[in-house]
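Student: Encoded as structure tokens, here's the structure I'll be asking about.
Values quoted throughout were computed directly from the atomic coordinates according to the rules given, and no laboratory measurement underlies them. Keep in mind the model is a prediction, meaning the values are calculated, not measured. Ideal geometry is used to build each Cβ from the backbone, glycine not excepted, and the neighbour counts take in all protein chains shown.
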Amino acid sequence: MTKIAIIGSGFIGRAWAITFARAGFDVALADQAQGAPEAALGYIDGVLPSLAENGLLNGESPAAVRARLSAAPSYAAALDGAVHAQENAPEVLDVKRALFAELDRLAAPDTVLASSTSAILPSAFSEDLKGRARVCVCHPINPPYLIPAVEVVPAPWTSGETMTRAADLMRAAGQAPIVMKTELDGFVMNRMQGALLEEAFRLVAEGYASVEDIDVGIREGLALRWSFMGPFETIDLNAPGGVADYAARYQQIYERISPSQWHRVDWNGPVMEQVLAERRARLPQEQLAERQVWRDRRLMALAAHKRKAAADIGA
């Protein structure tokens, strides 16, 4: 049985553990904080039945998936026999550097060392490692057991074999890898999301629309197509002659709009008072946790629907 080491068993680590165990891998969770792996397993025990109810355990029982998960007493024990280590430490560069130095020392030479970082370039914490060619980023959208996209990002010295192995493992785990050709600040998903958020804050700050109207535009508009198509496929299907026809018809609109988007507003400036007031009017602070549970249940239902639609209609 192929073994995966989860290094850091907090919010992201426990989600990765579910993802890999569901796909049939043996998963060992390790953490420097005593009791953290056991706490993660307790959390997972509460999630697996809901995934089973939504048909998201690949036809297996929660008990069968849970049997593949274990708490390791040390990083060395978790790494013993692992083909892939998924690191989930805090987003602090010095922490990453120290941890990857330890992982590089402890792991077998052919173990891929991947970070879940969403903001730190892999070159920043792998440059001085003896085994730096086997280090990459595998950055998920959380939780990966419900959202399959994952960015696979190389440092300049990451080997092609490492990138291939990491991407193949993600596919085997049911994920959809975005295989980047070189590292870039923000990777792909945060840059795309950031562009949308920048415009959303501008539209609110400059008085063009309310917070809820912006959310409606995405929730009830663009996101309906984007939930099963990307932006390039969307425009390829939105003009009679395809993507080139779309560009010929509509590029002038975006070219005209673009100069008005070359400035930004401070998200924590005066606009935050309006955003916060409107959001708290719709969702009081004390109901955030409850709404997060609602979000995850909706994501489960959407993931189940997408699987069924792909089988019935085609991906």
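Student: How large are Rg and Dmax for the range 190-282 when calculated on the C-alpha trace, in angstrom?
Tutor: Cα radius of gyration and Dmax of the range 190-282 are 15.4, 45 Å respectively.
Student: At a Förster distance of 25 Å, what's the computed FRET efficiency of Trp262 paired with Asp236, Cβ-Cβ distance as r, to 0.05?
Tutor: After rounding, the FRET efficiency stands at 0.35.
Student: Could you list, bin by bin from short to long, the percent of Cα-Cα pairs of the range 78-153 in 10 Å steps?
Tutor: With 10 Å bins starting at 0, P(r) equals 20, 54, 25, 1.
Student: What Kirkwood radius, in Å to one decimal, follows from the Cα pairs of the range 259-315?
Tutor: Kirkwood radius, the range 259-315: 14.8 Å.
Student: Another one. If I build a Gaussian network model for the chain, linking alpha-carbon pairs within less than 10 angstrom, which residue out of Ile44, Ile18, Ile253 has the largest mean-square fluctuation?
Tutor: Ile253
Student: If one takes the longest principal axis of the Cα atoms in the chain, at what angle in degrees, from 0 to 90 and to the nearest 10, does the Cα axis of helix 270-282 lie?
Tutor: The angle comes out near 80 degrees.
Student: A further question follows. Can you run phi through the Karplus equation (6.51, -1.76, 1.60; θ = phi - 60°) for the range 158-166 and list ³J(HN,Hα) in whole Hz, with x for Gly and Pro?
Tutor: Per residue, the Karplus-derived 3J(HN,Hα) values read 5, 6, x, 4, 4, 5, 5, 5, 5 Hz.
Student: Next question, about the same structure. What is the angle, in °, between the Cα long axis of helix 288-312 and the longest principal axis of the Cα atoms in the chain? Nearest 10 is fine, range 0 to 90.
Tutor: Taking Cα atoms only, the helix is inclined about 90 degrees.
Student: For the chain, what is the calculated [θ] at 222 nm in deg cm²/dmol (nearest 500), taking -39500 (n - 2.57) for each run of four or more DSSP H residues and dividing by its residue count?
Tutor: It comes out at -15500 deg cm²/dmol, rounded to the nearest 500.
Student: With charges set only on the Cβ (+1 for Lys and Arg, -1 for Asp and Glu), what does the dipole of the chain come to about its Cα centre, in debye to the nearest 20?
Tutor: About 540 debye.
Student: A further question on this structure: Of all DSSP beta bridges in the range 87-218, what percent run antiparallel (nearest 5)?
Tutor: That works out to approximately 40 percent antiparallel.
Student: While we're here: Given all pairs of different Cα atoms, what value in angstroms does the Kirkwood hydrodynamic radius of the range 1-75 take?
Tutor: So the Kirkwood estimate lands at 12.0 Å.
Student: Using Cα pairs under 8 angstrom and six or more residues apart, how large is the relative contact order of the chain, in percent?
Tutor: That works out to 14 percent.
Student: Further question: With volume of the Cα convex hull per residue in Å³ defined as stated, name the option among (1) 166; (2) 144; (3) 136 computed from the structure displayed.
Tutor: (1)
Student: Lys96: which lysines have alpha carbons under 27 Å from its alpha carbon, excluding same-chain residues fewer than 8 sequence positions away?
Tutor: Filter leaves Lys3, Lys130, Lys181.
Student: Moving on. To the nearest 10 degrees, how steep is helix 189-205 against the longest Cα principal axis of the chain, on a 0 to 90 scale?
Tutor: Its long axis makes an angle of about 40 degrees.
Student: Ok, one more. With labels modelled as points extended 7 Å from the Cα through the Cβ direction, what inter-label distance (nm, one decimal) is found for Tyr254 paired with Trp157?
Tutor: About 3.8 nm, to one decimal.
Student: Tell me, how many Å apart are the Cα centres for the range 161-237 and for the range 94-126?
Tutor: About 26 Å separates the Cα centre of the range 161-237 from the one of the range 94-126.
Student: Can I ask one more? Contact order normalised by length for the range 165-312, with contacts defined as Cα pairs under 8 Å and 6 or more residues apart; what percent is it?
Tutor: 22
Student: Can you tell me what share of the DSSP beta bridges in the range 3-179 is antiparallel? A percent to the nearest 5 is fine.
Tutor: 20
Student: Report the antiparallel proportion of the DSSP beta bridges in the chain as a percent, rounded to a multiple of 5.
Tutor: Antiparallel: roughly 20 percent of the beta bridges in the chain.
Student: Let me ask you something else. Rg to Rh ratio, the range 3-179, alpha-carbon atoms and Kirkwood radius?
Tutor: 0.94
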